[in-house]
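Everything on this sheet refers to the single structure shown next.
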Amino acid sequence: MEIKGKLIKLLPPQTGEGKNGPWKKQEIIVEIPGQYPKSVCVAIWGDKISESQLQIGNMLNIFFDVESREFNGRWYTDVKAWKIESVAGSAPSNNEFQNSEPPLPEPPDIPDESDDLPF
């Protein structure tokens with residue numbers, strides 16, 4: 001799956017030791033634009049963490065898998081990124097990000113006819 005959104009928050013990185021050796025995880029919060037923007041927490045594991053891409057305000061294209069697991073009768077769902085790309089054009093302005101509708105066209109030029117009175 002794939003989503004495109006604005007990076008709004010970096011959570012503290014997590015590290016640990018597992019049966020396969022050390023691991024590293026970075027969770028980020030991405031805001032998906034639209035009439036009602038949604039926030040999504042995405043986990044990035046190991047060597048896929050790129051600090052140059054993970055700057056607040058960057059627009060990201062995130063390829064991910066969704067995975068759920070059961071623990072003590074409760075279900076937990078993770079959004080795990082397997083590829084992250086920076087979107088060209090960097091971060092949009094607030095108006096551009098919040099309003100997904102195209103801008104209104106400019107009004108046509110009306111010639112100045114102040115010398116030509118109809119009466």
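Since every read-out is calculated from the coordinates, none of them should be taken as a lab result. Note that the coordinates shown come from a computational prediction; the quantities given were computed from them, not determined experimentally. Glycine also receives a Cβ, built like all others from the backbone with ideal geometry; neighbour counts cover every protein chain displayed.
Which residue is surrounded by the fewest Cβ atoms within 10 Å (Cβ to Cβ), if the candidates are limited to segment 12-45 and must be closer than 24 Å to Glu2 by Cα and among the charged types (D, E, K, R)?
Looking at the filtered set, the residue picked out is Lys38.
For segment 56-87, how many residues are more than 11 Å from the chain's Cα centre (by Cα), surrounded by 14 or more Cβ atoms within 10 Å (Cβ to Cβ) and touching a residue at least 40 places away in the same chain (Cβ under 8 Å)?
1
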